[in-house]
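The values are calculated or read from the model by the stated rules, or taken from the named source; none is laboratory data. Note that the structure is a prediction, hence the values are computed from the model and not measured. Here the Cβ positions follow ideal geometry from the backbone for every residue, glycine too, while neighbour counts run over all protein chains shown. Just the protein is used for accessible areas: all its heavy atoms, side chains included, with ligands, DNA and RNA removed. Shrake-Rupley method; radii C 1.70, N 1.55, O 1.52, S 1.80 Å.
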Amino acid sequence: MAEMMKAAVVRKFKAPLKIEEVRRPDPGPGEVLIRVAACGVCHTDLHAAEGDWPVKPSLPFIPGHEAAGHVAAVGKGVSGWKEGDRAGVPWLYRACGVCDYCISGWETLCPDQKNTGYSVNGGFAQYVLAPAAFAAPLPDSLGFVQAAPILCAGVTTYKGLKESEVRPGQWVVISGIGGLGHVAVQYAKAMGLRVVAVDIGAAQLKLASDLGAELVVNPATTDPVAEVQRQIGGAHGALITAVSPKAFSQGINMLRSGGTCSLVGLPPGEFSMPIVEVVLKRLTVRGSIVGTRKDLREALQFAAEGKVVASIEVAPFAQVNSVFERLRAGKVSGRVVLSMEGT
Ligand code: NAD
Ligand code: ZN
Ligand code: ZN
């Protein structure tokens, strides 16, 4: 009889996930099977389960793309991994390896990529598969719970900050201080940047101050554009992780001349930009999607050295639906990581 495992399954968009016994996958050639110890809950998992984006996952599917655990089995032809190794499974499940993007260090733009917890089953389960070439080796000093948020929130904001081209000593606005934003503040500080934090939640702004943001602004009560222009003459760059289209326009308007806005949040919708301002101020607006395997190794190293420590609430796997509810309501501080042990 096939081995079974517990998993949280999306059977219908905008409906609660079902905790079910499903067939445990076997690693095929070139794949490893990971026994999940911890999996972070990213707002992307919520977008996936709601069917928010134009290309939707096909139902049913298992979300989760911040999975960390031990390798439980290796498929044929796998080198570099053995049973018991510590591994993470990020959003970039696999890329083709041969297209123009893959061979030029832009595997995150590969048109033939698969995404964990979206186009293939993810880590809200006791076991998850990963191609051996794309699973992330985890530094020994980093526990599974601490490693989990780095696999998406960490690498995404680390890359997004690099893409903002802000240099040490310069100002960066981080808009949205949730799972992504609170680690972004720490990467920014570790890179020597000065941080303005923007969020509509008081708890999020308190966390940002504690983590070293020098200026915090709540757009629910203060015009963030006027405030940032008045206080620092505009920021050199911005990283928008907020789940609100309005925050995108505001982010661009918080820049000083020559600045770059790195767009990372993915609320469905559109936003507008003032053409004359963008042109005359030579602004750059740039999307940024997760990071490459190289970016991920670097992002994990910051965490292994204790320079980035995610603020984590551990929740039992069975509580995934109430975690989603709180994420939707903006009531999560830092990241919730689901614990899979003993489920
Ligand atoms: P989260 O829910 O933990 O955090 C979102 C934060 O945005 C919350 O703190 C909320 O209070 C804040 N916010 C809401 N409206 C705001 C506003 N008007 N101004 C400022 N802040 C506001 O979510 P998360 O897990 O950090 O993910 C954030 C977004 O990033 C999601 O849309 C997610 O899908 C996306 N994402 C993108 C990538 C990528 O590679 N581009 C990777 C991961 C996640
Ligand atoms: Zn994510
Ligand atoms: Zn490719």
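Just a few scattered comments:
- Highest-first arrangement of 331-337, 175-181, 194-200, where packing means the average Cβ count within 10 Å: 175-181, 194-200, 331-337
- Within straight-line cross-link reach of residue 82, aspartates and glutamates at Cα separation under 14 Å, skipping those fewer than 8 residues along the same chain: 31
- Shape category assigned to the stretch 91-144 from the gyration tensor of Cα positions, a/c cut at 1.5: oblate
- With a Förster radius of 41 Å applied to the beta-carbon distance between residue 331 and residue 230, the computed FRET efficiency rounds to 0.85.
- A Förster radius of 51 Å combined with the Cβ-Cβ distance from residue 99 to residue 221 puts the calculated FRET efficiency at roughly 0.60.
- Cross-link table 12/56; 159/189; 56/331; 189/307; 6/331, entries beyond 19 Å C-alpha to C-alpha: 56/331; 6/331
- Percent RCO, i.e. relative contact order, over the stretch 1-86, from Cα pairs under 8 Å lying at least 6 residues apart: 33 percent
- Rel. contact order, % - alpha carbon contacts under 8 angstrom, at least six apart, the stretch 110-269: 20 percent
- Charge dipole (debye, nearest 20) of the stretch 197-298; +1 at Cβ of Lys and Arg, -1 at Cβ of Asp and Glu: 340 debye
- Projected label points at residue 114 and residue 322, each 7 Å from Cα along the beta carbon direction, are separated by 3.4 nanometres.
- Protection proxy ranking of 214-226, 12-24 - average other beta-carbon atoms within 10 Å, highest first: 214-226, 12-24
- When only alpha carbons are used to place a centre, the stretch 99-114 and the stretch 221-264 end up 30 Å from one another.
- Placing a pseudo-label 7 Å from each Cα along the Cα-to-Cβ vector at residue 246 and residue 21 gives an inter-label distance of 4.9 nm.
- Report summary: the helix-based calculation at 222 nm, which adds -39500 (n - 2.57) for every DSSP H run with n ≥ 4 and divides by the residues of the chain, gives -7500 deg cm²/dmol.
- Area of residue 144 that stays accessible when all protein chains are in place (1.4 Å probe, Å², to 10): 30 Å²
- Beta bridges from DSSP with both residues in the stretch 72-227: antiparallel share about 30 percent, rounded to the nearest 5.
- In the chain, the DSSP beta bridges split such that about 55 percent are antiparallel, to the nearest 5.
- Between residue 82 and residue 133, the distance separating the two model label sites (each 7 Å from Cα on the Cα→Cβ line) works out to 2.4 nm.
- Considering only alpha-carbon pairs that sit under 8 angstrom and 6 or more positions apart, the relative contact order computed for the chain is 18 percent.
- Full extension of the chain segment joining residue 301 with residue 257 gains 12.5 nm, where the gain is 0.36 nm per residue of separation less the Cα-Cα distance.
- When nucleic acids and ligands are ignored and a 1.4 Å probe is applied, residue 101 ends up with an accessible area of around 110 Å².
- Estimated FRET transfer efficiency (residue 141, residue 276; beta-carbon r; R0 51 Å; 0.05): 0.50
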